[in-house]
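To keep things clear, I will list the structure first and then write my remarks on it.
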Amino acid sequence: MTGWRRRETKREEQIIRVLQEPPEAIDLRGARRWRWADEHWRVWLRRSATGVELFTRWQESDEYRYMLGDDAYQMQLIEILTRATPRDCAAAGFGCTRRMDRACSEPSICSRDPLPAAGVDPHREGPVPGGCDSFYGGDDVRVRFSAGNRHQAVRWSMSLWIDGVRVGAGLRLASSGWWLDDRFFVVPAEGPDEHPAQEYTMGDLVSVIHSVLIHDAALSVTRVLVPGPEEMWTEPWVVRDGDELRVYPDQETSRGPDRTIVLTD
């Protein structure tokens, strides 16, 4: 017990000594804090207050977790990510569609303003002006932007937020998900236990037969489609064709859809 108290006292003394030391010169502090920001991203950060906030929270995550605790840090970062743009995520050092395990390698291109045609295609892989469509923060955080960056899906561990609203609470969702366009986000979910072909394996989803979650970001409406006994949704695939959503059991679409959803809005 005495040894433990001595260690606590020693740590307190170290903290007191640090607080009594004069602050470092601003150029030293600035160099340390912004050392990961490429000059092209610094130009972008001068235009984006949200980008600066995200950069600081992400790069100094240990300090923020120490002050806020893990839960508050997570919720505040999710709120920031729902306001962020692809360039904010790239400037903060997230991995991207091109290389999920490292920061943007072509900031001279990706930091530019996006081309007008970029709002049509939901899939963007750099180097491309405006940045990629997907970003990764370690194993826990994934951010996917819709076409035109009108909406974003934020995945943190096993939970999903779209435009800041929790989606699919209570469901086990796959780590992968995708935007069909600027409106619909799709992600597979754990399938029903009672399905006659259901089996279990290792992976994000332990079921072999999956359900599928479709979120309409324009209306903020979520629907979960559960396969019937005759529907073998091993890799459910959703395609938009005009005013219809077509649900296939997998990416082989030549056999025709199992279901067709007519869009009324």
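The values are calculated or read from the model by the stated rules, or taken from the named source; none is laboratory data. Small disclaimer: the values here were computed from a predicted structure and weren't measured. Cβ: placed from backbone, ideal geometry, glycine included. Neighbour counts: every protein chain shown.
Beta carbons closer than 7 Å, at least 6 apart along the sequence or on distinct chains, pair a first residue in segment 168-181 that is under 22 Å from ASP133 (Cα atoms) and in contact (Cβ under 8 Å) with a residue 40 or more places away in the chain with a second that is in a loop (DSSP other than H, G, I, E, B) and not polar (S, T, N, Q) for LEU173/MET158; TRP179/PRO122; LEU180/PRO122; ASP181/PRO122.
For segment 98-107, filtered to residues that are under 25 Å from ALA49 (Cβ atoms) and either in contact with a strand residue (DSSP E or B) (Cβ under 7 Å, 6 or more places away or on another chain) or in contact (Cβ under 8 Å) with a residue 24 or more places away in the chain (or both), the residue that is surrounded by the fewest Cβ atoms within 10 Å (Cβ to Cβ) is ALA103. Inclusion of ARG83 among residues that are in contact with a strand residue (DSSP E or B) (Cβ under 7 Å, 6 or more places away or on another chain) and either farther than 21 Å from ASP113 by Cβ or in a loop (DSSP other than H, G, I, E, B) (or both) is not warranted. Looking at segment 113-133, is at least one residue part of a helix (DSSP H, G or I), surrounded by 19 or more Cβ atoms within 10 Å (Cβ to Cβ) and out of contact with any His (no Cβ under 6 Å at 6 or more places or on another chain)? There is no residue in segment 113-133 that is part of a helix (DSSP H, G or I), surrounded by 19 or more Cβ atoms within 10 Å (Cβ to Cβ) and out of contact with any His (no Cβ under 6 Å at 6 or more places or on another chain). For segment 84-96, check the following and say yes or no: at least one residue is in the same structural domain as GLU39 (by TED's automatic domain parsing), without any contact (Cβ under 8 Å) to a residue 24 or more places away in the chain and under 16 Å from TRP44 (Cβ atoms). No, every residue in segment 84-96 fails to be in the same structural domain as GLU39 (by TED's automatic domain parsing), without any contact (Cβ under 8 Å) to a residue 24 or more places away in the chain and under 16 Å from TRP44 (Cβ atoms). Only a single criterion out of (1) surrounded by fewer than 19 Cβ atoms within 10 Å (Cβ to Cβ); (2) touching a residue at least 12 places away in the same chain (Cβ under 8 Å); (3) part of a loop (DSSP other than H, G, I, E, B) is not satisfied by GLY148, namely (3).
Pairs are defined by a Cβ separation below 8 Å, a sequence spacing of at least 6 or placement on different chains, a first member in segment 61-77 that is farther than 21 Å from ARG166 by Cβ, and a second member that is of a type in the set (Lys, Arg); the pairs so defined are TYR64/ARG57. Annotation: of all residues in segment 35-52 being more than 14 Å from PRO86 (Cα to Cα) and touching a helix residue (DSSP H, G or I) at 6+ places or on another chain (Cβ under 7 Å), the one that is surrounded by the fewest Cβ atoms within 10 Å (Cβ to Cβ) is TRP36.
Scanning segment 160-189 for residues that are in contact with a helix residue (DSSP H, G or I) (Cβ under 9 Å, 6 or more places away or on another chain), farther than 20 Å from TRP237 by Cα and not in a loop (DSSP other than H, G, I, E, B) yields a single hit, TRP161. The residues of segment 208-224 that are surrounded by fewer than 21 Cβ atoms within 10 Å (Cβ to Cβ) and touching a strand residue (DSSP E or B) at 6+ places or on another chain (Cβ under 9 Å), listed by number, are VAL208, ILE214, ASP216, ALA218, SER220, VAL221, THR222, ARG223, VAL224.
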